[in-house]
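The values are calculated or read from the model by the stated rules, or taken from the named source; none is laboratory data. Note that the structure is a prediction, hence the values are computed from the model and not measured. Cβ placement follows ideal geometry from the backbone for every residue including glycine, while neighbour counts extend to all protein chains displayed.
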Amino acid sequence: MKILTINSGSSSLKVALFEMRDEKRVSFLEVEKIGEDISRVLLEKETVFEGKIEDHYEALKKIEKILNEKNILKNFDQLSAVGHRVVHGGEKFKKSVIIDKKVIKDIKELSSLAPLHNPSNLKGIEAILKKAPSLTQVAVFDTAFHQTMPKKAYLYAIDYKTAQKEKIRRYGFHGTSHMHVAKEGAKILKKELKDLNLITIHLGNGASITAIKNGKSVDTSMGFTPLEGLVMGTRSGDIDPGVLLYLMEKGFEAKEIEELLNKRSGLKGLCGKNDMREIEKIKANSQTASLAFEIFCYRVKKYIGAYMAALGEVEALIFTAGIGENSLEVRERVCENLEIFGIKLDKEKNKRNETIISKKSSKVKVLVIKTDEEIEIARETKRLLLA
Ligand code: AMP
């Protein structure tokens, strides 16, 4: 069974081809700058085409041609189904679904909650509809895993009626990644996921942390939008909402504030750089980089404390994504002085980037697990296809 997964952006496509017999990722393609003068297609990170690609439909045609030329796939008729990453499923989608006209309409309606993402995700869905109308398509939502949160975790303490009317609540994002590493963590711990309490820590350019009780998300740091919570590459994370009111009174427009919080904040806002590798390199000689590193780690640490309190008992912390999987320094600083919670990092194992980086005597295990949202999307697609 061959399944294609698609992560569609406004001018980009990330496409992975899986052979589900052994869950093998056969190919990974990226199309960049769709609609611009020169678009680019990469196969396994190598450029294989440069030239104009008008839209997402043309991009898919190009991908099919490349897969054929490389003898990887004859054509899309050989696919069993296509799985799409869809960012916002609101309260409507608590699980992945097979896409039909009604689902497309619902995803469109949810665009008001995710104006940057849902319309872009729909471009991928509509391009497949045009290219291969009979193929089964599945939507896997970033928000779905967090739909198990209780009211006390997802409601904000604002006027209830206004919140209801405007659908203002914590939705949470990165759900597919948190779910994937939680499942993989259960395998490593040789336990059933439903018997596990975990704290999953996704630290990439975007960052979020999730409290998982008996295998289900019960709280997460991203909220109504992916702005809340941890310090990120260019996003602020938690901030007093009074700051926004203050800026508005000073004459800042909504667009300017949005740009400030999304693009000129986080690590970049603090020290001018959003790549943790660079920050680690220069922080010994740069006060601002050193401070950005400390603020980043301190925020993660505070959330671990909060979620330890929320969960009571925790089997493991799981670090994932670009920074979580690779930065020894961040993991060491985050786990420093957490012995009170039964968390004891083994610095040598951490340096060797082992999967289990806690000491044998650590009550709470600390794991490093590579995230893989695509395989999770492919698995969900297969599950629904066979259901
Ligand atoms: P992601 O969004 O998951 O792709 O993560 C991207 C981020 O991971 C980059 O911005 C880097 O800051 C970070 N990263 C990747 N490799 C390393 C590394 N070896 N050490 C520290 N940070 C890293």
Checklist line | region 289-326, residues that are at positive phi and in contact with a Gly (Cβ under 6 Å, 6 or more places away or on another chain) | finding: 321
Margin query: I'm told residue 238 meets every condition in (1) more than 21 Å from residue 88 (Cα to Cα); (2) surrounded by fewer than 20 Cβ atoms within 10 Å (Cβ to Cβ) except one. Can you identify the failing condition by its number?
Written below: (1)
Next item on the list: Name every residue in region 219-245 that is within 17 Å of the chain's Cα centre (by Cα) and outside any loop (DSSP other than H, G, I, E, B), in order of residue number.
Entry: 219, 220
Notebook entry, point to check: Is at least one residue of region 73-82 surrounded by 13 or more Cβ atoms within 10 Å (Cβ to Cβ), part of a loop (DSSP other than H, G, I, E, B) and not hydroxyl-bearing (Ser, Thr, Tyr)?
Noted result: yes
Next item on the list: Determine the pairs where a residue that is among the polar types (S, T, N, Q), located within region 270-299, has a partner that is surrounded by 14 or more Cβ atoms within 10 Å (Cβ to Cβ) and in a loop (DSSP other than H, G, I, E, B) with Cβ atoms under 6 Å apart, the partner being 6 or more residues away or on another chain.
Entry: 274/233; 274/234; 290/283
Checklist line | So residue 114, is it surrounded by 20 or more Cβ atoms within 10 Å (Cβ to Cβ) and part of a loop (DSSP other than H, G, I, E, B) | finding: yes
Next item on the list: Go through (1) over 30 Å from residue 225 (Cβ atoms); (2) assigned to a strand (DSSP E or B); (3) out of contact with any helix residue (DSSP H, G or I) (no Cβ under 9 Å at 6 or more places or on another chain) and name the single condition residue 42 misses.
Entry: (1)
Next item on the list: Could you list all residues from region 284-310 that are away from the ligand (no atom under 14 Å from the Cβ) and β-branched (Val, Ile, Thr)?
Entry: 288, 295, 304
Next item on the list: Residue by residue through region 256-283, note down the ones that are farther than 17 Å from residue 239 by Cα and either part of a helix (DSSP H, G or I) or more than 15 Å from the ligand (Cβ to nearest atom) (or both).
Entry: 271, 276, 277, 278, 279, 280, 281, 282
Next item on the list: For residue 313, state whether it is surrounded by fewer than 20 Cβ atoms within 10 Å (Cβ to Cβ), assigned to a helix (DSSP H, G or I), among the charged types (D, E, K, R) and away from the ligand (no atom under 14 Å from the Cβ).
Entry: no
Item checked: Residue under evaluation residue 10, criteria (1) assigned to a strand (DSSP E or B); (2) at pLDDT below 95, criterion not met -> (1)
Check: For region 96-144, how many residues are of a type in the set (Ser, Thr, Tyr) and either touching a Gly at 6+ places or on another chain (Cβ under 7 Å) or in contact (Cβ under 8 Å) with a residue 24 or more places away in the chain (or both)?
Finding: 4
Note to self: Suppose the filter is part of a loop (DSSP other than H, G, I, E, B) and over 30 Å from residue 234 (Cβ atoms); does residue 165 pass it?
What the structure shows: no
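Check 153, 157 and return the single one that is part of a helix (DSSP H, G or I) and more than 18 Å from the chain's Cα centre (by Cα).
Numbers: 157 fails: part of a helix (DSSP H, G or I).
On inspection, the qualifying residue turns out to be 153.
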